[in-house]
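Before any comments, here is the structure.
Only the coordinates and a few stated rules stand behind these numbers; no lab work does. All values derive from a computational prediction rather than experimental measurement. Note that we place each Cβ from the backbone using ideal geometry, even for glycine, and neighbour counts take in every protein chain shown.
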Amino acid sequence: MEKFYAQALERLAAKEGADEKGLVTQLMAQLKASGRMKLLPGILRELKTIEARREKLMPAVEVASEKEGKEAMAQAKAAGIEVHEVTVNHALIKGWRARSGSTLIDRSAKRGLIDLYRKVTS
Amino acid sequence: MESIIKRIEEEIAGFAPKGGSEETGIVRATGDGIAEIDGLDRAIMNEMVLFDPTFDRTLEAALKDADPIYGLVLNLEEDGVRAVILGDSAKVYEGMLVRRVGRLLSIPVGDSLVGRVVNPLGEPVDGKGPTGADKTRPIESEAYGVMDRSPVNTPLHTGIKAIDAMVPIGRGQRELIIGDRGTGKTTIAIDTIINQKSEPEATRPICIYVAIGQKESKTAKLVAELADKGAMEYTIVVTAPASSPAAFQFLAPFAGAAIGEHFMEQGKDAVVIYDDLSKQAVAYRQLSLLLRRPPGREAYPGDIFYLHSRLLERAAKLSKEKGGGSLTALPIIETQEGDISTYIPTNVISITDGQIFVLANLFNQGLRPAIDVGNSVSRVGSAAQTKAMKKVSGKIKLELAQFRELEAFMQFASDLDEGTKKQIDSGRRMTEMLKQPNGKPLPFEMEAAVIFAAVNGYFDTFSPEKTSEAEARLQEYLSREANDVLASIRTTREITETIEKDLRAKLDQFVERTGE
């Protein structure tokens, strides 16, 4: 039940021009009226989980070295993932990878080498 | 050395990144072989996913353990998916990257699987190297429709007299074998496999034995027995032992069906034995509860009936246009204390085309195979029974039913009239004749000849207790002296007037020589 309330709140808040304060007031009134005030801590917990999940799936671009940043951002943008800063991950060896929601674009040398290794050893 | 380093540096510098976009998710939580995954927005049911252990590691660490772990999507939820892990679930961790594979769970199939022991993913577990299977096939597929099928019309001989005479099975049929533990259910299935050796190679069905939740020692013993009898030449074993994850035990029958369908679609006959579906139901219940699906009766999920019906519906006899192949299903169900009115037995009884009941008390009385003739039935098999078997077995069921009614009076035998005594003796002889040792299925023509002798009173000169012994001698005699008669029954598949005359002559000779 808490999950459903949290998901409904998230959807309403995501609408353009949503009044977050008003949403909370309406939620409290609804919970009070239906005698479900004890659900409130659970709803908060679910909201935090949703927020953490959203952060985890936020657009992000990793590059192997700082000098590849600009080009990586441009290429990621062309592929539909727009970010304003990149993180450096030396483990990529060369190239970049970008994630947004469920989408992953991996154009790193590390991925290329692992794929090659799997092909050779399978 | 320096030049090598330079060249590698140049290679890296010249690396042109490639790679399109792919759909991924991140493991939110994992435990008990189930992973909750965020993302994977477009994943579909029964799709394979790949848990990638290399994503957040350095290349060096990644190459040490680059083997991907597969998973199967079983729950699609609003905020993610739940998948069962088909491998070492201890290697799956929170935050791990999961990729969509883009295809339904499939297994490699091919003629080269024959003689092999594989797991439900089609990977060899017999230490004989790769299977060489060249095609893949989804383990879940829709059953053939009405127009693609033809009626069951070819017999599948089990080599067990009691079954072939009274509960005949046809190719493409679904016949349930049901009974308590340790009553000989697996033995019936294994004898059926062994008996296919006596079939001509062209029409010999490929046998697939699916061991679900069995002890590995039992499966190993069984494989050794099949190999010993030369039956592995046409048999494939799919094993999901008790020690394997519940997902494997749930998937094993579907893998067996997929392999069987491969042969059926080539116009061949295949027999698949699911040993046993009670354990598969338990594994599915475990998965469903872990996937947080609502429990129903006996805590099984609501779709437990559909689980078995969609599996068994894949057994079919295809029409000529579709190649005329067949897939016969012999599911096994284990009952508790002989109770067949519990949830899973009643479900599977209603799905199948008949059942062979084995009873613990008959087994303990030494009547083996311990088939309860009264409650065993084959709903379509009689249409496939050969004329020879039909002719000789017509009277057996009736005689045995009469004998069971009179059996209660046996203890007052001295007070019984001659007619009743005769009927009881005849029933006892028939019962003795139907006894058969493990691992000794009889070729169809021998079964027909022995049953013919029994129903026509050729064992009447022997005391009922000595019928088994007399039968053994008869078999020996017939294979030595009446090979031509047996061969005629085998080729014509019926007992014509001439064959009957010859057979009677041989039987008279046998009684003359050995009768008491």
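Just counting partner chain Cβ atoms within 10 Å, what average do the residues of peptide B:53-65 show around their Cβ?
Per residue, the number of nearby Cβ atoms from other chains is 4 on average.
Give the aspartates and glutamates whose C-alpha is closer than 19 Å to that of B:Lys422, dropping any in the same chain fewer than 8 places away, or say none.
Of all the aspartates and glutamates, those that pass the test against B:Lys422 - Cα under 19 Å, at least 8 places apart if same chain - are B:Glu399, B:Glu405, B:Glu407, B:Glu432, B:Asp460, B:Glu465, B:Glu516.
Could you give me D for the protein assembly as shown, from Stokes-Einstein at 20 °C and 1.002 mPa s, where the hydrodynamic radius is the Kirkwood radius over C-alpha pairs? Units µm² s⁻¹, please.
Estimated via Stokes-Einstein, D reaches 74 µm²/s.
Which FRET efficiency, nearest 0.05, do B:Arg379 and B:Arg293 yield, Cβ-Cβ r, R0 30 Å?
The formula returns an efficiency of 0.35 here.
First select every other residue whose beta carbon is under 9 angstrom from the beta carbon of B:Ala360; then total the charges, Lys and Arg +1, Asp and Glu -1.
Net charge in that neighbourhood comes out at -1.
Please express the Cα-Cα pair-distance distribution P(r) of the stretch A:60-121 as a list of whole percents, one per 10 Å bin, running from 0 to the bin with the greatest distance.
25, 50, 21, 4
May I ask for the distance between the Cα centers of the stretch A:1-42 and the stretch B:76-100, given as a whole number of Å?
Cα centroid of the stretch A:1-42 versus Cα centroid of the stretch B:76-100: 30 Å apart.
Most exposed first by the Cβ proxy, i.e. fewest other Cβ within 10 Å, how do A:Val88, B:Val109, B:Val223 rank?
A:Val88, B:Val223, B:Val109
Find, to one decimal place in angstroms, the Kirkwood hydrodynamic radius of chain B, where the mean of 1/r is taken over every pair of different Cα atoms and then inverted.
25.5
Sort A:Ser34, B:Ser326 so that the residue with the fewest other Cβ atoms within 10 Å of its own Cβ comes first and the one with the most comes last.
Sorted ascending by nearby Cβ count, the order is A:Ser34, B:Ser326.
So, how do all the Cα-to-Cα distances of the stretch B:174-260 break down into 5 Å bins, in percent, from 0 on up?
All Cα pairs considered, the percentages come to 3, 13, 22, 26, 22, 10, 3, 1.
Could you tell me how far the Cα centroid of the stretch B:375-390 sits from the Cα centroid of the stretch B:148-226, in Å?
16
Straight-line reach from A:Lys21: which lysines have Cα under 18 Å away, leaving out those fewer than 8 places along the same chain?
Here the lysines satisfying the reach criterion relative to A:Lys21 are A:Lys32, A:Lys48.
Take the Cβ-Cβ distance between B:Asp460 and B:Ser150 as r, set R0 to 41 Å, and report the resulting FRET efficiency rounded to the nearest 0.05.
0.45
What aspartates and glutamates sit close enough to B:Lys218 to cross-link, taking a C-alpha to C-alpha distance under 14 Å and skipping anything fewer than 8 places away on the same chain?
Qualifying aspartates and glutamates at Cα under 14 Å: B:Asp275, B:Asp276.
Suppose only helical runs count, i.e. DSSP H with n ≥ 4. What mean residue ellipticity at 222 nm does that imply for chain B under -39500 (n - 2.57) per run, divided by all residues and rounded to the nearest 500 deg cm²/dmol?
One gets -11500 deg cm²/dmol as the mean residue ellipticity at 222 nm.
Would you mind checking the stretch B:107-121 for residues with the amide N under 16 Å from a putative spin-label position 7 Å along Cα→C-beta of B:Glu216?
Backbone N within reach: B:117-121.
Among the listed pairs A:Lys3/B:Lys91; B:Lys229/B:Lys390; B:Lys135/B:Lys322; B:Lys185/B:Lys391; B:Lys229/B:Lys466; A:Lys119/B:Lys6, which are separated by more than 21 Å between their Cα atoms?
A:Lys3/B:Lys91; B:Lys229/B:Lys390; B:Lys185/B:Lys391; B:Lys229/B:Lys466; A:Lys119/B:Lys6
GluC sites (Glu not before Pro) within the stretch A:14-122: which are DSSP loop residues with at most 14 other Cβ atoms inside 10 Å?
A:Glu16, A:Glu82, A:Glu85
Under a Cβ-Cβ cut-off of 13 Å, what is the net charge of the residues other than B:Ala66 that fall near it, where Lys and Arg count +1 and Asp and Glu count -1?
Neighbour charge sum, excluding B:Ala66 itself: +2.
Is there a simple number for the mean count of other chain Cβ atoms within 10 Å of the Cβ of residues in B:75-82, and what is it?
What the average comes to for B:75-82 is 2.
Cα axis of helix A:2-14 to longest principal axis of chain A: angle in degrees, 0 to 90, nearest 10?
For helix A:2-14, the angle is close to 70 degrees.
Taking the number of other C-beta atoms within 10 Å as the exposure measure, put B:Phe305, B:Phe357 in order starting with the fewest.
By the 10 Å Cβ count, ascending: B:Phe305, B:Phe357.
Give, as a single signed number, the net charge of other residues whose beta carbon lies under 15 Å from the beta carbon of B:Glu298, with Lys and Arg counted +1 and Asp and Glu -1.
Taking every other residue near B:Glu298 into account, the sum is +1.
With angles folded into 0 to 90 degrees, how steeply does helix B:185-195 sit against the dominant principal axis of chain B? Use alpha carbons for both and round to 10.
Roughly 80 degrees between the two axes.
For the stretch A:61-122 and the stretch B:279-335, what is the separation of their C-alpha centers, rounded to whole Å?
Taking the Cα centre of each part, the stretch A:61-122 and the stretch B:279-335 sit 44 Å apart.
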